[in-house]
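What follows is a single structure, written as structure tokens, with notes after it.
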Amino acid sequence: MVGRVSGGAAPRSAISGVLPLIAKRIGSALVTLLLVSAVVFTISGLLPGDAAQETLGQSATPEQVAALRHEMGLDRPALTRYVDWLGGMAQGDPGRSLVANMPVREVISARLPNSLMLAGFTALVSVPLALAIGIASAINRGGRLDRTLNVLTLSAVAVPEFLVATLGVLVFSVKLLWLPSIALVSEDASLWDTLRSCALPVLSLSVVVIAQMARMTRAAVADQLDRPYVEMARLKGVPFRRVVLFHVMPNAVGPIVNAVALSLSYLLGGAIIVETIFNFPGLASLMVNAVTSRDMPLLQACAMIFCAIYLTLVLVADVVAILANPRLRAQ
Amino acid sequence: MDFTRRTLIGSGLAAAGAITLPGLSGPARAVPRRGGSIRVAMQSSSTADTLDPAKGAMATDYVRHFCLYSGLTRMEGDLRPRPFLAQSIESADRITWHVDLRRGVRFADGRELTSADVVHSLQRHLDPKLGSKVASIAKQFADVRTDGRHGVIIRLTGANADLPAILSQSHFLIVPAGEDKPTGNGSGPFRLADFRPGVRTVVTRNTEYWRNGEPYLDRIEIIAIPDEIGRVNALLAGDVQLIIAVQPLSTRRIERSAQHGILTTPSPLYTDLVMRQTELPTGNRDFVAAVKHLIDRPLIKRALFRGYATIGNDQPIPPFHPYFNPAVPQTVLDIDRAKWHVARSGLKGVRLPIYCSPAAAGSVDMASVLQEYGAQAGLEFAVNRMPADGYWSTHWMKHPMSFGNTNPRPTADLVFSQFFRSDAEWNESGWKNPRFDMLLTEARAEADEARRKELYGEMQRLVHDQCGVAIPVFINMLDGHDRRLKGMTAIPLGGLMGYRFAEYAWWDA
């Protein structure tokens, strides 16, 4: 293999070199998912009350609770329920929601596209901006631009999302009347309406995400700029722009894609505050819902989705880092 | 109780003009116009949202159910029930009730409403598998059977003159016979267009509604914005036209806008200080009397609720209730008198924690105010602020002093039986008063209104004088609305006209 590291053959060998890694990671991902499902099941079982009690509320009589428990199948031992659920999952059936009384698949399929759309828009806005800010900041290290950007990104990291969201609504919805204050996402809304609806949620999410990614990018690029090879390249007369894009970036890309991957997985599962403020029908609020109503199948399905997305993103980040960096590729 | 159509018309007219709200008064008298589409923001919405009236748990559910279904009776602003789907509901002994149904009412699928539907709708609450929210109230239905195509006979386990009021609750709305899981097929003013639990409900005007000319709005979309500031912002930005549960602090923001107004509903909702009679020192009568005299009610009304409250008198019937007894003397802040009671109880210098929580609206501030005045009378209170999560199961009624919070109940009987009867599960202070229990049973069966008012009056006096519960104020419910939305008045059972605004509201644009 070592002998074949030549220009033309590099991508192919790189991909075939990465394949076993991908296979191994998928295997371990499945084990992780299994463990996570067991942990979620156990811990949520420790919560006081079950779906039957939560559904019936304070005024429930013991007979009612018993009857509903039987109806929901909650009177069976926990292990039986878990194994049943696992069996269903293995066949691709996440079961029925205890509270909403419909298949989990339907409940989730109504929300998942919204969450993906929100995360997608936010990524589209924030990734290029964050990279630009991070790189600009790193190559101007110590300069006025760097200091200004530092202050901006540091304060953006420190500002909580709910503040950005509330201020955004006050300015753009209440005062200027430009954008809707709530996200009204539905199938019958036009693309323009959907974009307008998503504008403020995307803005609120972007502020924090851009700031975090820009900080990571700056750190990674700055770290590389201090290396001897950069000095060497510059001494040999390589233009600075070329040094940054073709020498520094491939080395810095590992930490950057990891930061991007973490931010993206956060956008799917951690957007709960933004979903609440803008009444955005996404997955995060659905999962919180599932916890408060003790709706185990729904909770498990949400947990599996978040876990799977997280593992996939991290895997993609690793693969990208390996493919982008010639030295990692060779290993 | 004389419950015929004629009295219905008379009192209905009287009620129509009774409560009109400031800001709505002029144009509200204009003739309602048909048309308009509005969006309403409620407080909560989740996967537990339901189309089954029996399972309604949240205000969002009640609003949805009142849009889609009709009930046998309905409650007006004066807190008296009137026949609705029933033409008459009568009883000679308050045990056996005869319901005569309105003819020609149709469900959304075209079927005619008959007595079988009513029997099904009432009896299903008794099935424990259904999980009805009012199963314990429905237990008094000994027998419900049809009496011809349009007659229903309801036999109760004991006399209860309040049956018409009980049947006005959203849980007892009528669903078609044979439907174990109602799907929105009702005879209400609106029809279901879209229902997504946790996201939204859309209803459109029922063009075949049995009440001529009603309702007025063409379409209502019901969503939820849990965050109060978010709700107010959505109203001010014009994204929604009506919001429920505005905080007193936000009223100024809404009133500053020329296009928006506040709908104030004086309600029997209260946050109360519970002093357990089964424990010491709260079981000491002088201690209870001292605390009741240490509550600065006008201050609580002004500072905590910005004036959006009614002064309370340590008993659960508010001044605007038909059974209110004005002869019970108002307890006022009187530190000297409190000192005298403290001295007599021998509890001077006692240290006692008060458990409060954001779960009981205003309780944390009420506890702090009480702490201040307590120090002046020789009682050292500590304010223990507990998180809202789990407060009801772990702290409420579990300490000598804690705060409770009680939502409006449709009848005086229900609030007294659920919270003050000696053997009630939620007898908050744990007081036991045989005379009160006897009066409660007597009042429930009493047909004569004047006598009933007398009985409830004496019960108010007993609770005020002897019970270990202090009720500083009744808290108003505040809704925000676009000024173009008209026709709304207060029904003190809940926000948004007791959750029934859809039947009355119209759009003036």
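Brief remarks follow.
- Residue that is farthest from B:P316 (Cα to Cα) [pool: residues in region B:239-275 that are open to solvent by less than 10 Å² (accessible area, probe 1.4 Å) and hydroxyl-bearing (S, T, Y)]: B:T251
- Pairs where the first residue, in region A:50-71, is facing chain B (nearest Cβ under 7 Å) and the second is surrounded by fewer than 16 Cβ atoms within 10 Å (Cβ to Cβ) and part of a loop (DSSP other than H, G, I, E, B), C-beta under 7 Å, 6+ apart: A:A67/B:K129; A:L68/B:K129; A:E71/B:K129
- If you go through region B:398-425 and keep only what is open to solvent by less than 40 Å² (accessible area, probe 1.4 Å) and in a loop (DSSP other than H, G, I, E, B), you end up with B:H399, B:P400, B:P408, B:P410, B:T411, B:F420, B:S422, B:A424.
- Qualifying residue in region A:46-60 (condition: part of a loop (DSSP other than H, G, I, E, B), modelled with pLDDT of 75 or more, within 20 Å of A:P297 (Cβ to Cβ) and of a type in the set (A, V, I, L, M)): yes
- Total residues in region B:32-52, condition away from chain A (no Cβ under 11 Å) and crowded, with 24+ Cβ neighbours inside 10 Å: 1
- Among the candidates A:I108, A:I133, A:I139, residue that is among the aliphatic types (A, V, I, L, M), touching a helix residue (DSSP H, G or I) at 6+ places or on another chain (Cβ under 9 Å) and modelled with pLDDT of 90 or more: A:I133
- Helices (runs of 4 or more DSSP H) enclosed by region A:266-325 - at least 3 residues per element that are modelled with pLDDT of 80 or more and more than 14 Å from chain B (Cβ to nearest Cβ): A:296-324
- Qualifying residues in region B:206-233 (those that are in contact with a strand residue (DSSP E or B) (Cβ under 7 Å, 6 or more places away or on another chain) and open to solvent by 50 Å² or more (accessible area, probe 1.4 Å)) - the one nearest to the other protein chains (Cβ to nearest Cβ): B:R219
- Residues located in region B:133-173, provided they are out of contact with any Phe, Trp or Tyr (no Cβ under 9 Å at 6 or more places or on another chain) and charged (D, E, K, R): B:K133, B:K139, B:D143, B:R145, B:D147, B:R149, B:D162
- Scan of region B:483-503 for residues that are in a loop (DSSP other than H, G, I, E, B) and either aromatic (F, W, Y) or over 20 Å from B:R34 (Cα atoms) (or both), ordered by number: B:A490, B:I491, B:P492, B:L493, B:G494
- Selection status of B:T60, within 14 Å of chain A (Cβ to nearest Cβ), modelled with pLDDT of 90 or more, out of contact with any strand residue (DSSP E or B) (no Cβ under 8 Å at 6 or more places or on another chain) and surrounded by 22 or more Cβ atoms within 10 Å (Cβ to Cβ): no
- Scanning region B:324-339 turns up at least one residue that is more than 24 Å from B:P492 (Cβ to Cβ), touching a residue at least 12 places away in the same chain (Cβ under 8 Å) and open to solvent by less than 30 Å² (accessible area, probe 1.4 Å).
- Highlighted here are the strands (runs of 3 or more DSSP E) found entirely within region B:103-204 that include at least 2 residues which are basic (K, R) and more than 21 Å from the chain's Cα centre (by Cα): B:190-196.
- Matching residues, region B:211-255, being at positive phi and over 24 Å from the mean Cα position of the chain (by Cα): B:G213, B:G238
- Evaluation of A:M232 against (1) open to solvent by 40 Å² or more (accessible area, probe 1.4 Å); (2) within 14 Å of chain B (Cβ to nearest Cβ) (one fails), failing number: (2)
- Residue within region A:177-198 that is under 19 Å from A:L268 (Cβ atoms), in a helix (DSSP H, G or I) and acidic (D, E) present: no
- Per-region count, region B:460-482, residues among the aliphatic types (A, V, I, L, M) and either in a loop (DSSP other than H, G, I, E, B) or out of contact with any Leu (no Cβ under 9 Å at 6 or more places or on another chain) (or both): 2
- Restricting region B:426-446 to residues that are part of a helix (DSSP H, G or I) and of a type outside the set (D, E, K, R) leaves a set whose member that is nearest to B:D465 (Cα to Cα) is B:F436.
- Every pair of residues 6+ apart whose Cβ atoms lie under 6 Å, when the first sits in region B:364-382 and is at positive phi while the second is among the charged types (D, E, K, R): B:G378/B:K348
- Scanning region B:357-372 for residues that are open to solvent by 40 Å² or more (accessible area, probe 1.4 Å) and in contact with a helix residue (DSSP H, G or I) (Cβ under 7 Å, 6 or more places away or on another chain) yields B:P358, B:D365.
- Under the condition of being within 12 Å of chain B (Cβ to nearest Cβ), crowded, with 18+ Cβ neighbours inside 10 Å and either in contact (Cβ under 8 Å) with a residue 40 or more places away in the chain or within 18 Å of A:P113 (Cβ to Cβ) (or both), the residues counted in region A:167-200 number 8.
- Which listed residue, of B:L51, B:L72, is within 22 Å of B:T201 (Cβ to Cβ) and more than 14 Å from the chain's Cα centre (by Cα): B:L51
- B:L68 vs. criteria at pLDDT 95 or above and under 19 Å from B:L156 (Cα atoms): no
- Residue count for region B:101-141, restricted to those that are open to solvent by 20 Å² or more (accessible area, probe 1.4 Å), under 17 Å from B:I89 (Cβ atoms), touching a Leu at 6+ places or on another chain (Cβ under 8 Å) and free of Cβ contacts under 8 Å to residues at least 60 places away in the same chain: 1
- Which listed residue, of A:R111, A:R105, A:R147, is within 14 Å of another protein chain (Cβ to nearest Cβ) and open to solvent by 70 Å² or more (accessible area, probe 1.4 Å): A:R105
The values are calculated or read from the model by the stated rules, or taken from the named source; none is laboratory data. Because the structure is a prediction, the values reported are computed rather than measured. No Cβ is skipped: glycine too gets one built from the backbone with ideal geometry, and neighbour counts run over all protein chains shown. SASA here: full protein model, heavy atoms, side chains in, ligands and nucleic acids out. Shrake-Rupley method; radii C 1.70, N 1.55, O 1.52, S 1.80 Å.
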